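I have placed the structure first, in the form of structure tokens, so that the comments after it can refer back to it.
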Amino acid sequence: QVHLVESGGGLVQAGGSLRLSCAASGLTFNRYAMGWFRQAPGKEREFAVAINWSDSITYYIDSVKGRFTISRDNAKNTVYLQANNLKPEDTAVYYCVADARLSRLRIGVPDYWGQGTQVTVSS
């Protein structure tokens, strides 16, 4: 059984930083693309960032480019999201996702989802 467990969320002031982690188990981690979706209050869930299995390809939505960085450690079965210069509009539940195909992950139909971690940015 696959488990994706997020951690690192919390409350931060605008301009601050957080580092989210997602520990994966039950899958061959180095064969999966990983990513993060987010869902803000009253809004639909949206794709935010993704990384392929070998850390050679990354994707970011425009609103987080230059501020967020996704990375992975295949030895630790963990993916990270470093979020800097946070803005109130980044407030959302952040979900870790995994799929064997990066293309499927980006269009919002990844095979596996975590339970989510809350990020709240105060102004």
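The values are calculated or read from the model by the stated rules, or taken from the named source; none is laboratory data. Everything quoted here is computed from the prediction, not taken from an experiment. So basically every Cβ, Gly included, is an ideal-geometry build from the backbone, and we count neighbours across all protein chains shown. The accessibility values were calculated without ligands, DNA or RNA, using every heavy atom of the protein model including side chains. Shrake-Rupley method; radii C 1.70, N 1.55, O 1.52, S 1.80 Å.
Selection of first residues in the stretch 83-105 that are within 30 Å of S122 (Cα to Cα) and of second residues that are among the acidic types (D, E), restricted to Cβ pairs under 7 Å at least 6 apart or on distinct chains, gives the following pairs, ordered by first then second residue: A83/D90; Y94/E6; C96/E6; A98/D111; L105/D99.
Sub-8 Å Cβ pairs linking a first residue in the stretch 4-29 that is basic (K, R) to a second residue that is at pLDDT 95 or above, at least 6 apart or interchain, are R19/G8; R19/Y80; R19/L81; R19/Q82; R19/A83, ordered by first then second residue. All told, L4 meets the bar of being within 15 Å of L105 (Cα to Cα) and among the aliphatic types (A, V, I, L, M). Residues that are surrounded by 13 or more Cβ atoms within 10 Å (Cβ to Cβ) and more than 17 Å from the chain's Cα centre (by Cα) within the stretch 1-16 comprise V12, A14, G16, listed in sequence order. Looking at the stretch 77-87 only, could you name the residues that are open to solvent by 40 Å² or more (accessible area, probe 1.4 Å) and part of a strand (DSSP E or B)? If the condition is that a residue be open to solvent by 40 Å² or more (accessible area, probe 1.4 Å) and part of a strand (DSSP E or B), then Q82 is the only one that fits.
Okay, residues lined up against (1) touching a strand residue (DSSP E or B) at 6+ places or on another chain (Cβ under 7 Å); (2) under 14 Å from G116 (Cβ atoms); (3) of a type in the set (K, R):
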residue	(1), (2), (3)
L4	yes, yes, no
G9	yes, yes, no
A14	yes, no, no
S25	yes, no, no
N30	no, no, no
F37	yes, yes, no
A40	yes, yes, no
E44	no, no, no
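Among the residues of the stretch 27-38, those identified as open to solvent by 60 Å² or more (accessible area, probe 1.4 Å) and either in contact with an Asp or Glu (Cβ under 9 Å, 6 or more places away or on another chain) or not charged (D, E, K, R) (or both) are T28, N30.
Residue-wise test of (1) at pLDDT 95 or above; (2) among the acidic types (D, E); (3) open to solvent by less than 60 Å² (accessible area, probe 1.4 Å); (4) part of a loop (DSSP other than H, G, I, E, B).
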site	(1), (2), (3), (4)
P41	no, no, no, yes
A48	yes, no, yes, no
S54	no, no, yes, yes
A75	yes, no, no, yes
E89	yes, yes, no, no
V97	yes, no, yes, no
G108	no, no, yes, yes
V119	yes, no, yes, no
